[in-house]
Each structure stands twice: as C-alpha cells, then as structure tokens.
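The values are calculated or read from the model by the stated rules, or taken from the named source; none is laboratory data. Computed from a predicted structure; not experimentally measured. As a convention, Cβ positions derive from the backbone with ideal geometry for all residues, glycine included, and neighbour counts pool all protein chains shown. Ligands, DNA and RNA are excluded from the accessible area calculation, which covers all protein heavy atoms including side chains. Shrake-Rupley method; radii C 1.70, N 1.55, O 1.52, S 1.80 Å.
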Amino acid sequence: MKKKNIICDIDGVILHNNHLVPGADQFVHQLLEANRRLLFLTNYPGQTPKDLQNRFQGAGVHVPEDCFYTSAMATADFLKRQEGRKVFVIGEGALTHELYMAGFTITDVDPEIVVVGETRNYNWNMIQQAARFVDQGARFIATNPDTHGPNMYPACGALCAPIERMTGRQPFYVGKPSAWIIRAALNRMNSHSDNTLIIGDNLKTDILAGFQAGLETILVLSGVSRMSDIDTVPFRPNHIYQSVADIELV
C-alpha cells in the first residue's frame, strides 16, 4: 500500500450491517491521518453520503461526507453523459434525489430512460410500467447487478429479472463489477488507476471491477468470498488478508 490512493467497499469490509469489523476503525483513521485519498464505494443505492456518514459515526468511525460514492451517484453521473432527461425510477429516495439533483425529470409519462435501483416496495404495477416503457424503446439502466443482500433480501439484479424476461432486454449495470463505476470513482478522487488500489470482500464485484479497471486489488475474507472461492474464478486478487485490520500501511 505504498503511497497509494484507496477505493474501499463498505459492507463486509468495514461494517457488518451497522456493526464494526474489528480493527476497521483504526485502519480507516490511520488512512485519514496519513492524508491518503480514500473513497468508500458501495453498490447499495439506497443511502445518501450523509446516511453512510451517520452509519460510520454510529460504529465509531469518523469520515468526511465526501468520502462516500454510491451506485446511485454513479448512475446519475453516467446518465448526465447520455441523451434524455425524462426518467422512470424504481428505487428509494436516495436514488431519486441523485437523479433530481443531476437535472432529470422523474416521470411515468413517456420516459426516455428506465432506472432500477433497490426498494422494499416493489410491486406488480412497477414491473408492468417498467416493462412497457422498455418495450416501447426506453433505455434500461440499473444501479447494480447484486441479486440479493444479507438474509436473502432481493437486490437490484433480482428486481430487474422480470423486466428482462418480459422484454428480452438486459439493463446496463452501472455498479461493480462494471469498470465504469471505478473510472467514475477515480475521477471523483482526481486519481489514476496506476496509483490506486481497491479493497473488497467480493471476488465477483469488487475484485473483478478493480481487475477490469487496472487497479491493484486486495481481497479481505471478512465478508462474502472465501479462500475456496478463488479457484472458481479466472482472475486473482493481488493480495489476500483476513480483514482490513491485517493490512500494513507503508
């Protein structure tokens, strides 16, 4: 970790739900005290940077609000580079807020883009409307490809599935493992892939995203992936640790 900037996942790396991974607070505070550029990058689109800052504070980790970047923020940044400003949204307030702040009109009347995030209020009417709009030519964008979270709650990829089956069209997934979100994170940090590494607990999202974007990668075994999973993928993390508490700063 010599002088490198750091992109770091949250769940399974720093926190389990709202509980601290042992030693993660010391790791984060050491990075901040060393003036390392640090960005927490999460696929979860349902919380704002302020929400995430409050989560960290509740666990005893004090991080500036501008150190957080979510798939909702990345989706808004992605769409700002595309044509169309009328968006039909399936998601929580954090996603709607980011799109609204980026200048998009949230509507269910002739939208040019359908955006799917995550929500606990998914229903038949949302599926029908989204599928109809996509079938009529609206572009299909999703915040992240995760199919489920802890305790098997349905995540964005699962919510997209019926729309895909009905229309025969797959969404563009903005979140990890897309290299696009890594590039967006690097731009936000004013950094470059050569001097940045990514820390994550999931081989198929964090580590694959870093690999595809040319970053040095660190897999921690405090979350999703296990040592036995490494032989199931065709790429390898550069480094493996039990948790962030074992990473030595240089």
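If you take the residues in region 85-98 that are part of a helix (DSSP H, G or I) and open to solvent by less than 70 Å² (accessible area, probe 1.4 Å), which one is nearest to Ala158 (Cα to Cα)?
Only one residue tops the list, namely Leu95.
So for region 157-179 (the condition being surrounded by fewer than 21 Cβ atoms within 10 Å (Cβ to Cβ), among the acidic types (Asp, Glu) and at pLDDT below 95), does at least one residue qualify?
Taking every residue of region 157-179 in turn, none turns out to be surrounded by fewer than 21 Cβ atoms within 10 Å (Cβ to Cβ), among the acidic types (Asp, Glu) and at pLDDT below 95.
Within region 68-81, take every residue that is open to solvent by 20 Å² or more (accessible area, probe 1.4 Å) and modelled with pLDDT of 95 or more and give me the one that is nearest to Leu38 (Cα to Cα).
Filtering region 68-81 for residues that are open to solvent by 20 Å² or more (accessible area, probe 1.4 Å) and modelled with pLDDT of 95 or more, the one nearest to Leu38 (Cα to Cα) comes out as Asp77.
Residue by residue, here is whether (1) in contact (Cβ under 8 Å) with a residue 24 or more places away in the chain; (2) surrounded by 22 or more Cβ atoms within 10 Å (Cβ to Cβ); (3) out of contact with any Asp or Glu (no Cβ under 7 Å at 6 or more places or on another chain); (4) not in a helix (DSSP H, G or I) holds:
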residue	(1), (2), (3), (4)
Leu32	yes, no, yes, no
Gln47	yes, no, yes, yes
Gln53	no, no, no, no
Val61	yes, no, no, yes
Asp66	no, no, yes, no
Glu83	yes, no, yes, yes
Tyr100	no, no, yes, no
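Considering only residues of region 106-138 that are touching a Leu at 6+ places or on another chain (Cβ under 9 Å) and in a strand (DSSP E or B), which is surrounded by the most Cβ atoms within 10 Å (Cβ to Cβ)?
Among them, the one singled out is Val115.
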